[in-house]
1. Failed condition for Ile232, given (1) farther than 17 Å from Val146 by Cβ; (2) without any contact (Cβ under 8 Å) to a residue 60 or more places away in the chain, with all others met?
2. Which of the residues belonging to region 239-259 are without any contact (Cβ under 8 Å) to a residue 12 or more places away in the chain and not polar (S, T, N, Q)?
3. Scan region 110-132 residue by residue and report those that are closer than 14 Å to Leu38 by Cα and among the aliphatic types (A, V, I, L, M).
4. How many residues are assigned to a helix (DSSP H, G or I) and surrounded by fewer than 16 Cβ atoms within 10 Å (Cβ to Cβ) if we restrict to region 220-235?
5. List the pairs whose first member sits in region 192-219 and is outside any loop (DSSP other than H, G, I, E, B), whose second member is loosely packed, with under 13 Cβ neighbours inside 10 Å and among the polar types (S, T, N, Q), and whose Cβ atoms are under 9 Å apart, counting only residues at least 6 apart or on separate chains?
6. Search region 1-12 for residues that are exposed (fewer than 14 other Cβ atoms within 10 Å of the Cβ) and pair each with any residue that is modelled with pLDDT under 75 and of a type outside the set (D, E, K, R) when their beta-carbon atoms are under 7 Å apart and the residues are at least 6 apart or on different chains.
7. Would you pick out the residues in region 220-259 that are under 30 Å from Asn63 (Cβ atoms) and hydrophobic (A, V, I, L, M, F, W, C)?
8. Considering only residues of region 141-173 that are aliphatic (A, V, I, L, M) and exposed (fewer than 15 other Cβ atoms within 10 Å of the Cβ), which is nearest to the chain's Cα centre (by Cα)?
Amino acid sequence: MRIPFVIFTFTRQDLIERYSGSILGGLWSLLMPLVNILIFTVIFSKIMGAKLNLANLESSPYNYSLYLISAMLAWNCFAATVTRTTSLYHEKAGIITKVNIGLRALPLYIVLSESIIYAISFSFFLIFTIAIDHPPGWSLLALPVVFLLQQIIAYSLGLLFATLAVFIRDVRELTGIIFHLWFWFTPIVYVAEILPDGWGSLLAWNPALYFVNAYRQIILSNQLPDLQFLAIAALVALLLAKLALTVNRRLQSDIRDFI
């Protein structure tokens, strides 16, 4: 069976199964992102926005919504890709033994599925930015580059964790905990300026910070991401991909035996 066809089939099935049995079915893929954006806009901008100092943005009742959603959508996609991929081999054990598909190619359907959800969510967000008269400029053309690098890293981490999870079951639970802590260590729902003195230097070691800043540069400031960041991110993505693919390839026969 051809790999592209299998990936497309799994992606389509994954999107359908998210809301199988519901009356609206696949329409929830459109409605849920819209509801989330409305919640962020109406509730968080009123409650949280008043408590945060967004001096780096022009005064607007929608500042916090822009600040939050520009990073939140990308983070949700990244986290979901990694955590779902980590459990993939256990969840698809029956299929792996029946369908002739490589173990390294299988996680691609999760990457594609989560990317589609992100694209839908971001489309609504883009309409929102236009409605409040703050549409992104030409810098938006750089967003697919940042997103692609993010998803390569997500695929690589997910594949590496999925490989380890076959032999060490605790990896799945540990990954969930790590991403929960990682989320709060990243200035997504807060601004870095509110952190105590000394935390700034510690925060600089958080790689997610630079992706978050890149998205906000593109969407909030209409600026292109720093070229040095893109070069380093591309290098990290390639090295992680090579590591994950090498580890998975060497353990492929053992993985099939264990699952």
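1. Condition (1) is where Ile232 drops out.
2. Those that are without any contact (Cβ under 8 Å) to a residue 12 or more places away in the chain and not polar (S, T, N, Q): Leu239, Lys242, Arg250, Asp257.
3. Matches in region 110-132: Leu126, Ile127, Ala131, Ile132.
4. Here the count works out to 6.
5. Close Cβ pairs satisfying both conditions: Glu193/Asn53; Glu193/Asn56; Ile194/Asn53.
6. Short answer, once both residue conditions are applied: Met1/Val99; Met1/Asn100.
7. Once the filter is applied, which keeps residues that are under 30 Å from Asn63 (Cβ atoms) and hydrophobic (A, V, I, L, M, F, W, C), region 220-259 yields Leu220, Leu224, Leu227, Phe229, Leu230, Ile232, Ala233.
8. Leu148
The values are calculated or read from the model by the stated rules, or taken from the named source; none is laboratory data. Note that the structure is a prediction, hence the values are computed from the model and not measured. Because the Cβ atoms are built from the backbone with ideal geometry, glycine has one as well, and the counts that use them run over all protein chains shown.
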